[in-house]
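Some notes on the structure that comes next.
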Amino acid sequence: QVQLIESGGGLVQAGGSLRLSCAASGRTFSSYAMGWFRQAPGKERDFVAAISKSGNSTHYSDLVKGRFTISRDNAKNTVYLQMNSLNPEDTAVYYCAAAFWEHEIVTITTLYEYQHWGQGTQVTVSS
């Protein structure tokens, strides 16, 4: 199965920006829709954003819409999450995931719809 490795996490001040990357190994990256989830301390893993196989369709949690942007570069086997206007509530471990999903509309918001997961990267937003 495809292997996913997140990077780009770290400590940032409130109002700042951060870009996460998720590099995929394997030869079938473009066969998967991709998503980002996050898990704050003591909370469940929540959906953040998803992008279709082609990159032409995206879907966002209401909590991040307008602030976060998901994108992908299939030639580089990489999916990105650009995070702007960060606030302390965004503090969490961020995970990228791959989903076998044939539809262009990517309303895949539950973790059970994704087959492959990265190890996660910590994002901490200070107040």
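What residue among Ala33, Ala75, Ala24 has the largest mean-square fluctuation in a Gaussian network model of the chain, using Cα springs under 10 Å?
In the Gaussian network model the winner is Ala75.
How large is ³J(HN,Hα) for each residue in the stretch 80-86, as worked out from phi by the Karplus curve 6.51 cos²θ - 1.76 cosθ + 1.60 (θ = phi - 60°), to whole Hz, x for Gly and Pro?
10, 9, 8, 10, 10, 6, 5
Quick one: longest stretch of the chain between exposed loop trypsin sites (Lys or Arg not before Pro), exposed meaning at most 11 other C-beta atoms within 10 Å and loop per DSSP?
My reading of the result: 44-127 is the longest stretch.
Per residue, how much accessible area does the chain have with a 1.4 Å probe, in Å²?
Per residue, the chain has 52 Å² of solvent-accessible surface.
Give me the percent of accessible area attributable to carbon and sulfur for the chain, probe 1.4 angstrom.
Details: 3170 of 6560 Å².
Accessible surface attributable to carbon and sulfur in the chain totals 48 percent.
What are the ³J(HN,Hα) couplings of the stretch 43-57, residue after residue, when phi is run through the Karplus curve with 6.51, -1.76, 1.60 and θ = phi - 60°? Round to Hz, x for glycine and proline.
Using θ = phi - 60°, the values come out as 10, 6, 6, 10, 5, 10, 7, 9, 9, 6, 4, 7, x, 8, 10 Hz.
Place a +1 charge on the Cβ of each Lys and Arg in the chain and a -1 charge on the Cβ of each Asp and Glu, then give the dipole magnitude about the Cα centre in debye, rounded to the nearest 20.
Approximately 260 debye in magnitude.
Could you give the longest part of the chain that holds none of the GluC sites (Glu not before Pro) found in DSSP loops with at most 12 neighbouring Cβ atoms within 10 Å?
No qualifying site falls inside 45-101, the longest such stretch.
Rounded to whole Hz and in sequence order, give me ³J(HN,Hα) for the stretch 110-127 from the Karplus expression 6.51 cos²θ - 1.76 cosθ + 1.60, θ = phi - 60°, writing x for Gly and Pro.
10, 5, 6, 8, 10, 9, 10, 9, x, 7, x, 9, 7, 10, 10, 10, 8, 9
Roughly how many nanometres apart are two label points built 7 Å out from the Cα toward the Cβ at Gln115 and Asn74?
With each label point 7 Å from Cα toward Cβ, the separation is 1.7 nm.
At 0.36 nm per residue, minus the direct Cα-Cα distance, what do Lys65 and Ser127 gain on full extension? Give it in nm, one decimal, please.
Here the answer is 20.2 nm.
The values are calculated or read from the model by the stated rules, or taken from the named source; none is laboratory data. Being a predicted model, the structure only gives us computed values, none of them experimental. Methodologically, a virtual Cβ is constructed for each residue, glycine included, from the backbone with ideal geometry; neighbour enumeration extends over all protein chains shown. Ligands, DNA and RNA are excluded from the accessible area calculation, which covers all protein heavy atoms including side chains. Shrake-Rupley method; radii C 1.70, N 1.55, O 1.52, S 1.80 Å.
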